[in-house]
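Following: one structure in structure tokens, then a few remarks.
Bear in mind these aren't lab numbers, they're just calculated from the coordinates by the rules spelled out. These figures come from a predicted structure and were not determined experimentally. Neighbour counts run over all protein chains shown; Cβ positions are idealised from the backbone, glycine included.
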Amino acid sequence: MNRILVTGSTGALGRPVADLLQSLGAEVRGLSRRAGQASHQGDLVTGAGLDAALDGVGTIVHCASDTRAQGKTDVQSTRHLLDAAARAGHPHVIFVSIVGVDRIPFPYYRVKFEVEGLIEAYGGTTLRATQFHDFVLGGARLAARLPFVPAPDVPVQPISTHDVAARIAELADAPPAAGRVADLGGPEVLHTPDLFRSYLQTIGSRRRVVPVRLPGAAFRAFRQGHHLAPGNPSSGERWSGFLESLSGTPTER
Ligand SMILES: NC(=O)c1ccc[n+]([C@@H]2O[C@H](COP(=O)([O-])OP(=O)(O)OC[C@H]3O[C@@H](n4cnc5c(N)ncnc54)[C@H](OP(=O)(O)O)[C@@H]3O)[C@@H](O)[C@H]2O)c1
């Protein structure tokens, strides 16, 4: 493997991606806005630090996203990244998107879809994945603070970030797809209220889960399963295994 830059290397997905690629023998660089958090400091919104981070790089795994602000700066950031990549000799760019971004009318998903277009025009590779275990856990933890635990009445196909990382490592070893590769989903499709119940059981909570039918076109699309990839499940970690791995950690006791 060659020299690889992972944007978003401090994030939920970027960390396991960087660790795996390094363990496979790549020379891995990370990018963070914060000093000392990655091998390279830079800001995709301004473009600062990108030329230095991209020097001699053969592959970029683009995991950075303004996830807290619904991807507000993601289009601009990706333009800066691709411009810098073109200056650096056109390395392979692998972008991580979300299953259903073209079919679910969520503001963040519209941004992801627009970024997919930029990646395709550049000649890079887009991998869409279903929701990460960590992301679903965040929702469950938030809901579990309430006396009655609301759970969206939608299916979900959670996947381990380590399994997404494994697929990215394969893509990093392959030629650019110049577009999308097959969507990647978790090993099973679960009902979100059941999944929240299993989380509550793991933390020893007796709170009751209340399935909630959320209104609007986006949640109708979720109910219809446009965010799922049942035809291409990973054979990796299940939600139950993920919960078991949590039960030993101090925050879950
Ligand atoms: N969460 C899910 O269930 C899911 C499912 C499928 C696909 N995805 C996609 O997977 C990707 C990674 O998601 P994640 O959950 O790992 O995100 P995350 O944990 O929120 O991490 C976001 C990363 O982006 C970096 N970043 C943000 N703005 C930046 C900027 N202006 N310049 C440089 N770096 C910047 C952050 O680095 P610093 O803060 O250190 O600068 C951080 O490392 C996203 O594109 C997301 O849409 C997520």
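Over the chain, DSSP H runs of length four or greater, each weighted -39,500 (n - 2.57), average out per residue to a 222 nm ellipticity of -11000 deg cm²/dmol. In terms of surrounding Cβ atoms within a 10 Å radius of their Cβ, 51, 183, 153 rank from fewest to most as 51, 153, 183.
Each DSSP beta bridge with both residues in the chain is either parallel or antiparallel, and the antiparallel ones are about 10%.
Applying 1/(1 + (r/R0)^6) with R0 = 45 Å to the Cβ-Cβ distance of residue 245 and residue 51 gives a FRET efficiency near 0.70. How large is the Kirkwood hydrodynamic radius of region 3-252, counting all unique pairs of alpha carbons, in Å? The answer is 18.8 Å.
One decimal place: the segment residue 90-residue 33 gains 18.2 nm when fully extended, by the rule 0.36 nm per residue minus the C-alpha distance. Other residues with beta-carbon under 14 Å from the beta-carbon of residue 112 carry, at +1 per Lys or Arg and -1 per Asp or Glu, a net charge of -2.
Across 133, 92, 191, mean-square fluctuation computed from a Gaussian network of the chain (C-alpha pairs under 10 Å connected) peaks at 191. Each Cα pair under 8 Å and six or more residues apart adds its separation to the average, and for the chain the resulting relative contact order is 18 percent.
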